[in-house]
Amino acid sequence: MSDINVMQKGWAECNIGELVELAQGVAINAKTNYVLSDKKNGIPLLKINNLLNNTVDQYANPDLVPKQSIINKNDVIFTRTGQVGEVLTNKYGILHNNSFKVIPNEKLYWNYLYWYLKSRKVYNYVQKVAAGSVQKDLNHSAFKTILFKYPENIDEQKSIANILTAFDDKIELLQQQNQTLEALAQTIFKEWFGKYQVGDELPDGWRIGKLGKMANLKSGYAFKSNDFVELNSKKALKIKDLKGNGRVDLSDISSVSDEITAISRVKYFKLNAGDIVIAMSGNTTGKIGVVPPHSNEVYLNQRVGKFFMVDDKLNSFLYSFLMSGNYEEKILSMGYGSAQPNISPSQIEDIDIIYPDNETIKKFSDISNPIFQKVLDNNALIQSLTKTRDALLPKLMSGQVRVKM
């Protein structure tokens, strides 16, 4: 969505460098003396992967680093190396030098600054001005050339930010609910079935069988480079879209042409909400995901497999099984032995599963299927809220849509 050409009354426009200062994170090298191995005397050291994945693998001594590198709740963080252009807030720790803190002056409300930097327009711009072909790097001078529009009234900035934050709060609430539901399903699965291992004496009517008796795994269609197009409603799910722990991200999915999706072999790999998919090569081998509800036609690309269920009512049982016992890691280890991990459908289908008797599996499915469906419904609502928020963002940030204060 492009900005309107006429400047709204009460709005100003300038390079962002006139409104902010940048505080660089701290460097790590052989002479570094502030890195700690545990948190006893330190606070989290925040590299890009830690920021994006909410993880901590190192700590640092806050007394030995510049105070400006310490991040608190309302600080705005902008990643500048490698994964350039990610914007974060509500973090606490010591910032690594692959990011910097963006410090607004008195003219800007911190949360308005955060949302403005989250816009697609800013993201696209910094990709162009960041230096480097192999690994991008955004220096301070380039960042400060970002064109920035803002209402001069701080209260209007706060109102805009509050609207967008309300969407995020609802999305976060739904994501937390999903985590609770999935944890509940896993608890039930482990309580019912986790106490039995292959080789144990099983209850009457239970047996050991192969995963392939429950579902056939097939790798997706081998789309060629000229099958991909700039923008279309027909999409191809690639291995990069599987994020692990059951999550499939359709926000940056690739488009393919209408012509290729008309082929019957491609139609065979059309994906529906609730389909279980798995990464089958590279370092992501073994990552498992559930296709969320979607409005576009989505087809499966090669290197990603889909489980074609013998009985769709067993979807939640298979998913619970795959998400139990660290199967993502086990499947990755099965793929080693060459330069790049690679797994075949037959290897997955050959995994042993303890099959309970029909009555037990029906009782479990009667409990787990509604949980599985509720997660899908929540994901549909998350997608709708995200789409609305993203459509509203450029309009609010240009003054095309004004808010009452």
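Taking (1) within 24 Å of ASN49 (Cβ to Cβ); (2) assigned to a strand (DSSP E or B); (3) of a type in the set (A, V, I, L, M) in turn, ILE331 satisfies each apart from (2). Scanning region 198-230 for residues that are in contact (Cβ under 8 Å) with a residue 40 or more places away in the chain, exposed (fewer than 13 other Cβ atoms within 10 Å of the Cβ) and out of contact with any strand residue (DSSP E or B) (no Cβ under 7 Å at 6 or more places or on another chain) returns PRO203, ASP204, GLY205, LYS213, ALA222. For beta carbons closer than 8 Å, sequence separation of 6+ or different chains, a first residue in region 64-77 that is in the same structural domain as HIS96 (by TED's automatic domain parsing) and a second that is in a strand (DSSP E or B) and basic (Lys, Arg), the qualifying pairs are GLN68/LYS101; SER69/LYS101; ILE71/LYS101; ASP75/LYS101; VAL76/LYS101; ILE77/LYS101. I'd like the residue in region 64-80 that is of a type outside the set (Val, Ile, Thr) and surrounded by 14 or more Cβ atoms within 10 Å (Cβ to Cβ) and, out of all such residues, is nearest to LEU108 (Cα to Cα). Here the answer is ASP75. Considering the conditions (1) in contact (Cβ under 8 Å) with a residue 60 or more places away in the chain; (2) touching a strand residue (DSSP E or B) at 6+ places or on another chain (Cβ under 9 Å); (3) not in a helix (DSSP H, G or I), ASN272 is excluded by exactly one of them, (1). Of the residues contained in region 337-345, none is found to be assigned to a helix (DSSP H, G or I), farther than 30 Å from GLU172 by Cα, more than 28 Å from the chain's Cα centre (by Cα) and modelled with pLDDT of 90 or more.
Looking at region 259-296, which of its residues are over 11 Å from LEU242 (Cβ atoms) and among the basic types (Lys, Arg)? Residues satisfying the conditions are ARG265, LYS267, LYS270.
Candidates are the residues of region 48-63 that are of a type in the set (A, V, I, L, M, F, W, C) and not in a helix (DSSP H, G or I); the one that is surrounded by the fewest Cβ atoms within 10 Å (Cβ to Cβ) is VAL56. Among the residues here, LYS363 qualifies as without any contact (Cβ under 8 Å) to a residue 12 or more places away in the chain and assigned to a helix (DSSP H, G or I). Across region 275-288, the qualifying residues are those that are under 22 Å from ASN379 (Cα atoms) and not in a loop (DSSP other than H, G, I, E, B), and the one among them that is nearest to the chain's Cα centre (by Cα) is ILE288.
The values are calculated or read from the model by the stated rules, or taken from the named source; none is laboratory data. From a predicted model like this one, the values you see are computed outputs, not experimental measurements. Because the Cβ atoms are built from the backbone with ideal geometry, glycine has one as well, and the counts that use them run over all protein chains shown.
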